[in-house]
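The values are calculated or read from the model by the stated rules, or taken from the named source; none is laboratory data. Since this is a predicted model, take the numbers as computed values, not measurements. Cβ atoms come from the backbone with ideal geometry, glycine included; neighbour counts cover every protein chain shown. Accessible surface areas use protein heavy atoms only, side chains included; no ligands, DNA or RNA. Shrake-Rupley method; radii C 1.70, N 1.55, O 1.52, S 1.80 Å.
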Amino acid sequence: MDKLFLSGTFKNFIKPRIFVTDGTTFRLHYRLTALLLTVGSILVSATQFYGDPIQCMQTDDVPKKVLDTFCWVEGTFTVPKAFNKEVGVEVVYPGIDKTDPGDEVVYHAYYQWVCFVLILQAAMFYLPRLVWRTWEGGRLKNLLQQLNKPVLDHCKKRECCDHLVRYFRANMRHHSSYAYKYLVCELMNLVNVVGQIYFVNYFLGGAFTTYGVDVLHFTVGAQENRTDPMVRVFPRLTKCLFHRFGPSGDVQKYDTLCLLPLNIVNEKIYILLWFWLIILSVCSAMSILYKVLLLSSRSARYYALHSIARLTPKDHLKKIVRKTSYGDWFVFFLLAKNMDVLNFRNILADLYKDFEMPLLNNEGNEVSSA
């Protein structure tokens, strides 16, 4: 475990980036959420820290190891009608009762797959990041050159600024596809997190969508006559049926109780996951709405750019936002987030001068900046 968390790969995953090409909400998906799911998978799979994942009461001459392995592989079950009975009087534990023909039973075999499902979810949360990195192609890094360094030789700084200004002269209004690809990845994040909620709900037998609300109601309400929803979804004690041939060849049925200590970990992971996915869904939806506002309003783009480029004169920002497209503004915004503020101010000042007077293109012909 120590080697995992101290390894170079893990450090590279959590360390701050030298430059960023995405927003805060985007990073919550592929960094924090993927990390939480990965850690949860490790906790579940590291059964040596919590003892055996299942412990069944030995029945007659059936070896305990055989019984434990069989019930773990085949799954155990609970009886829903027993959740409403008094523990210690009518039943020994919520969900544990004798079964009659026609009684409903709920089988639990998900605990075999929790660690794999959590890793799969982590990969799905990281997928939009991989798509964006492929589409982004290192463009921002190339545009930054060395202008993200606050201390830079004056001649080198001037050279980098001139290169960047010439780039914008030649590529103004040609960044729409770059910006729209990022919007697609943002939308992928929203679709993924909402889809993950319904996927986990299906995985847990339809109990996840209201899981957090049920736990809150149980926590703040009267608990005397109510069953803990965490026990209902993640039972700690279940039943298991084992069949074998008797000495005379008749089929014998063994009804045993099984303790699932691993569900103590599972219930905590999924209550945390429920609240986090709800919060992340809301944040992702708000982020999409904010991007739509920026796409449709030049005023919103001006205020957003001004909030991170306060040293740049307002008239410069207004002129540049008015003369550029959303794609150009998106590149400016990323540069402002990563670049030293003084360097960014100088670049916009040069672009502002270009907008104020005719430019000379590479062939020496006069062109209009309008």
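Using the alpha-carbon centroid of each, what span in Å lies between the range 164-229 and the range 112-153? So the two Cα centres are separated by 18 Å.
Selection among His316, Asn266, Ser281 by position relative to the dipole of the range 197-347 gives His316 as farthest towards the positive end (Cβ unit charges, Cα centre).
The share of accessible area on the chain that comes from carbon and sulfur is 60 percent, using a 1.4 angstrom probe.
Applying a 4.7 Å Cβ-Cβ cutoff to the chain, the cysteines left without a disulfide-compatible partner are Cys115, Cys155, Cys160, Cys161, Cys185, Cys283. Cross-link partners for Lys314 among the lysines, with Cα-Cα distance under 18 Å and sequence neighbours closer than 8 places in the same chain left out: Lys323, Lys337, Lys353. I'd like the accessible area for Glu159: 1.4 Å probe, protein heavy atoms, all chains in place, Å² to the nearest 10. Surface open to solvent at Glu159 totals about 80 Å².
Partners of Lys85 within straight-line reach, counting lysines whose Cα lies under 22 Å from its Cα and excluding those fewer than 8 residues away in the same chain: Lys98, Lys239. Shown for the chain are the DSSP H helices of 20 Å or more along their axis, judged by Cα atoms, with a mean Kyte-Doolittle hydropathy of at least -1.0: 114-136, 176-203, 262-296, 341-356. Counting only protein heavy atoms and a 1.4 Å probe, the chain has 54 square angstrom of accessible area per residue.
Among the chymotrypsin sites (Phe, Trp or Tyr not before Pro) found in the range 83-123, those both in a DSSP coil and sparsely packed, with 14 or fewer other Cβ atoms within 10 Å of their Cβ, are Trp113. Per-residue SASA remark: Leu262, around 10 Å² accessible (1.4 Å probe; ligands, DNA and RNA not included). By a 1.4 Å probe calculation restricted to protein chains, Met57 has an accessible surface near 110 Å², given to the nearest 10.
Residues Asp61, Asp103 ordered from highest to lowest accessible area at a 1.4 Å probe: Asp61, Asp103. The trypsin sites (Lys or Arg not before Pro) found in the range 27-107 that occupy coil by DSSP, while having at most 10 further C-beta atoms within 10 Å, are Lys98.
Of the listed values (1) 64, 47, 38; (2) 103, 41, 32; (3) 59, 50, 47, identify the label whose number matches Cα extents along the principal axes in Å calculated from this model. The value computed from this structure is option (2). Which of His154, His174, His108 moves most in a GNM of the chain, Cα contacts under 10 Å? It is His154. The sum of -39500 (n - 2.57) across all DSSP H runs of n ≥ 4, divided by the residue count of the chain, sets its helix-only mean residue ellipticity at 222 nm to -18500 deg cm²/dmol. Summing Lys and Arg as +1 and Asp and Glu as -1 over all other residues whose Cβ lies under 14 Å from the Cβ of Ile54 gives a net charge of +1.
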